[in-house]
Structure formats: C-alpha cells, structure tokens
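First comes the structure, then the notes that go with it.
The values are calculated or read from the model by the stated rules, or taken from the named source; none is laboratory data. Since we're looking at a predicted model, the values are computed, not measured. Quick reminder, even Gly has a Cβ in these numbers, built from the backbone with ideal geometry, and neighbours come from all protein chains shown. Each accessible area value is taken on the protein alone, full model and side chains, heavy atoms only, with ligands, DNA and RNA left out. Shrake-Rupley method; radii C 1.70, N 1.55, O 1.52, S 1.80 Å.
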Amino acid sequence: MADRHRILVVQSDPSIARRQCKAMEAGGFLVEWTETGQAALRRLQIGGIDLVLLNHHLPDMSSTDVIAWIMSRTETLPIIIMGTTDTEPFAIEMLKSGATDYVVIDSADRYLGILVRVAHMSIRQHSLLGENHRLHHQTELGRQAFRDLFRAITEPCFLFRGSRDGGVMLIEVNNAGVDLFDGQRDALIDTPLLLFPIQDAEVVPAIYRTVEGELPRWEGRLLYGSEGVDERLLLVNCVSLGDSTA
C-alpha cells in the first residue's frame, strides 16, 4: 500500500481543528494538529510533513510569517490557507506570499470536502514539480559530464550550431581547440562561422552543409598557420550530432 501523506493542521480553534482533522483523515491522510504558529514551526523543523493546512488567524504570529519561514527552508511545502475572508484581493495576497491555495471556511462546514480535494491536488502538483526539478538537475549533470568529456578530448574539437536566420555559431570548444588558436575559450565562443579564424574555401562550406543536415559526415584537409612558419596540415572531420549541430 502506498505511503499515506502526512498533513499538519495549524488551527487555534480546537473544535474547528477536530472537524478539519476528521475530514482529512477520512480523505486518507495522516494528520497532526498544532494550535499556534510557533508550535507549527517547531514541528516542521522535525520534518516528515507533506502539506500544511494553515489557518489565517493565529494567536501568536501571522500566517504570512509562517509561510515566509517555510519558504526560507531548503525544501518548501505546499501550503493551503484556510480563512473566512471571501475576497479575491485577499486570496491573491495569500498566493503571492507563497501559499499554494486558499479555501474559505464556512460555518456549515461545506468547505471540508473542497479542502480534502484541494489537499490531494496540491500534493500531486508539488510531487510533479519535484520530479521536474529532479529531471532538470539530472539533465544539468549530464550536460556537465558531456562538457567535461568533450573538453578532455586530445584532438581539437569545435561544436557549431545553426540558427533560424541561417547563421552558424561556435557554441563550445575543447581544451585542445583553445590551444590550437592560442586564445581564450570565452573569446572563441559565440563566434560566427564567417568570422571564425579558420577560413577555407572547402572546409567552411562543408561545415555549413553538415549543420544544415546535407552531409551527416565530411572529411577533408586544411593547411593552418602562417605560410612557412608553423604551418600544419590538419585533418578535418565534420559530423552532424543532430539538433542543427555539427
């Protein structure tokens, strides 16, 4: 059976708190209750809470202060404000402060069913956001690993990307490529191919054609260096990596 989510109800009125806790337990949640904001913060420091149901009126501190404290933590939590003010400006103010949602309390307790549904929805949304953040982090780690491996290749390598306007820009160069030009990486990055230090009647058009997808691979030769001074014959390979990159 899947783990049940644990909710912290922050409500200063014991009778209202009992009804709220009962409704949330019936909705499948594990529920804890505190009467004050300070007690809620002490409980949140322990951890293990998946969502906070926060009454707008607290005896010891404002609900926005509680939200600010939660938002300052490394791991934020979904927070649903429970209040009696049924006005759009107030709800917007709560959402701007960092609350996930706002539910209006009514004396007949008709809001309790809505509160349970909103709690489930908020936890699902928060879980999806967390998963998106994890995947983004993994993607960034993968990009960094690729960048490190690319830069460690012992042969000069240059990564070009085509743009929508038909231009081609250098977007990455490895350490050997930087050494080839006796320059700095930052000075080479974002250089248009037309201004690239290597100009050759055969090589440059081949790079363009590879980036545009006409050639999946091209091989050629290039004389590099001042004539008679450190002149070198370079073997050139252009390979399409997809995504308009060569």
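Rundown of residues vs (1) in contact with a Lys or Arg (Cβ under 7 Å, 6 or more places away or on another chain); (2) open to solvent by 20 Å² or more (accessible area, probe 1.4 Å); (3) touching a residue at least 12 places away in the same chain (Cβ under 8 Å), yes/no style:
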{"position": "Met82", "(1), (2), (3)": "no, no, yes"}
{"position": "Thr85", "(1), (2), (3)": "no, yes, yes"}
{"position": "Glu88", "(1), (2), (3)": "no, yes, no"}
{"position": "Ser97", "(1), (2), (3)": "no, yes, yes"}
{"position": "Arg110", "(1), (2), (3)": "no, yes, no"}
For this session: Mind listing whichever residues of segment 15-31 are of a type outside the set (Phe, Trp, Tyr) and open to solvent by less than 50 Å² (accessible area, probe 1.4 Å)?
Result: Ser15, Ile16, Ala17, Gln20, Cys21, Ala23, Met24, Gly27, Gly28, Val31
For this session: Sort through Phe160, Phe181 and tell me the only one that's surrounded by 10 or more Cβ atoms within 10 Å (Cβ to Cβ), without any contact (Cβ under 8 Å) to a residue 40 or more places away in the chain and either among the hydrophobic types (A, V, I, L, M, F, W, C) or over 14 Å from Asn237 (Cβ atoms) (or both).
Result: Phe181
For this session: Among residues belonging to segment 39-80 that are small (Gly, Ala, Ser) and over 18 Å from Pro14 (Cα atoms), point out the one that is least open to solvent (accessible area, probe 1.4 Å).
Result: Gly47
Problem set entry | Cβ pairs under 7 Å, 6+ apart, first in segment 4-17 and without any contact (Cβ under 8 Å) to a residue 60 or more places away in the chain and under 14 Å from Glu32 (Cβ atoms), second polar (S, T, N, Q) and buried (at least 16 other Cβ atoms within 10 Å of the Cβ) | Leu8/Thr34; Val9/Gln20; Val10/Thr34; Val10/Asn55; Ala17/Gln11
For this session: Looking at (1) closer than 30 Å to Val66 by Cβ; (2) among the hydroxyl-bearing types (Ser, Thr, Tyr); (3) modelled with pLDDT under 80, find the lone condition where Tyr102 falls short.
Result: (3)
